[in-house]
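Worksheet: the structure to be examined is printed underneath.
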Amino acid sequence: MMQMYWNIGKRLSEEQLEKGYGTSVVKRLSADLQQEFPDTTGFSSRNLWNMKNFYEFYSIADKKV
């Protein structure tokens, strides 16, 4: 599960930088993921932003060590 969160956060971070993804794209992604994986929780818009922040925080921290 942690690896999935890391990969989603990484993708959101990279896409936001390259294409300027914002709130509406994350809301749509959230709805799509919830529909595709109805038995899995954790795909709210807020949680997707948390995944992005998690990735950015720890990928930068890893580079400093």
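Would you be able to say whether some residue in segment 27-49 is of a type in the set (Val, Ile, Thr) and touching a helix residue (DSSP H, G or I) at 6+ places or on another chain (Cβ under 7 Å)? Working first, answer last.
Here is the first cut: in segment 27-49, the residues of a type in the set (Val, Ile, Thr) are 40-41.
Subset that is touching a helix residue (DSSP H, G or I) at 6+ places or on another chain (Cβ under 7 Å): none.
No, because not a single residue in segment 27-49 is of a type in the set (Val, Ile, Thr) and touching a helix residue (DSSP H, G or I) at 6+ places or on another chain (Cβ under 7 Å).
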Segment 7-26 residues that are under 15 Å from Asn50 (Cα atoms) and in contact (Cβ under 8 Å) with a residue 12 or more places away in the chain, paired with ones that are in a helix (DSSP H, G or I) and of a type in the set (Asp, Glu) (beta carbon under 9 Å, 6 or more apart) = Gly9/Glu56; Lys10/Glu56; Ser13/Glu56
Residue ID - surrounded by the fewest Cβ atoms within 10 Å (Cβ to Cβ), chosen from residues in segment 22-46 that are touching a Ser or Thr at 6+ places or on another chain (Cβ under 9 Å) and among the small types (Gly, Ala, Ser) = Ala31
How many of the residues making up segment 21-58 are at pLDDT below 90 and not β-branched (Val, Ile, Thr)?
-> 3
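The values are calculated or read from the model by the stated rules, or taken from the named source; none is laboratory data. Note that the coordinates shown come from a computational prediction; the quantities given were computed from them, not determined experimentally. Backbone-built Cβ (ideal geometry, glycine too); neighbour counts: all protein chains shown.
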